[in-house]
Amino acid sequence: MNFLSLFVLIPLLMLLGLWLSRNIAQIRAVMVTGASALLVLSAALTVMYLNARHAGATDEMLFRADMVWYPALNIHYSVGVDGISVAMLLLSAIIVFTGTFASWRLQPLTKEYFLWFTFLSIGVVRVLHLDRPVHHVHVLRRLPSFPCICLSVYGGRDARSTPP
């Protein structure tokens with residue numbers, strides 16, 4: 001498994017952990033563990049990328065891996081990073097980490113909120129570190145419903161509850 005595949009695997013494991021969680025303490029533990037792991041991985045990736053560039057690596061994409069999933073249709077799993085995607089992965093990990101603590105005391109629908117939040121982070125990370133992101137941008141068109149759900153539940157005077 002390539003190092004970059006962890007950026008997809010960790011949020012998937014977070015989704016599984018959230019789905020299996022039975023109380024708020026378990027939900028928070030899953031989110032803190034996953035967000036911290038993503039932050040540490042992205043910081044390590046940034047250091048590794050800068051060291052590779054400093055050592056003279058001139059490839060357009062670094063840390064590439066390509067695996068054939070379905071040869072009949074020429075479907076591949078291909079990952080790699082360039083300079084901007086490394087920076088965006090780091091920023092995304094910081095946002096997931098801080099978003100976890102910014103939503104710490106969220107009470108109604110806590111599990112559902114963090115499930116959607118993690119699903120959104122999978123979409124962002126996936127688009128940023130694939131070597132052909134244009135083909136996967138259409139996945140993110142379906143995600144604008146997340147802020148609308150949050151506003152209808154947590155925002156405004158007619159909302160069910162307002163976080164402290």
- Message: Let me spell it out: the conditions are (1) under 18 Å from Lys111 (Cα atoms); (2) under 13 Å from the mean Cα position of the chain (by Cα); (3) of a type outside the set (Gly, Ala, Ser), and Leu18 meets all of them except one. Which number is the exception?
- Response: (2)
- Query: Which numbered condition trips up Leu62, out of (1) under 30 Å from Tyr113 (Cβ atoms); (2) surrounded by 18 or more Cβ atoms within 10 Å (Cβ to Cβ)?
  - Reply: (1)
- Message: Could you check segment 1-17 and list, in sequence order, the residues that are of a type in the set (Gly, Ala, Ser) and under 15 Å from Val96 (Cβ atoms)?
- Response: Gly17
- Go through segment 1-56 and count every residue that is within 14 Å of Phe117 (Cβ to Cβ) and assigned to a loop (DSSP other than H, G, I, E, B). 1
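Every number in this text was worked out from the coordinates using simple rules, so none of it is lab data. Small disclaimer: the values here were computed from a predicted structure and weren't measured. In this analysis, Cβ positions are derived from the backbone assuming ideal geometry, glycine residues included, and neighbour counts consider all displayed protein chains.
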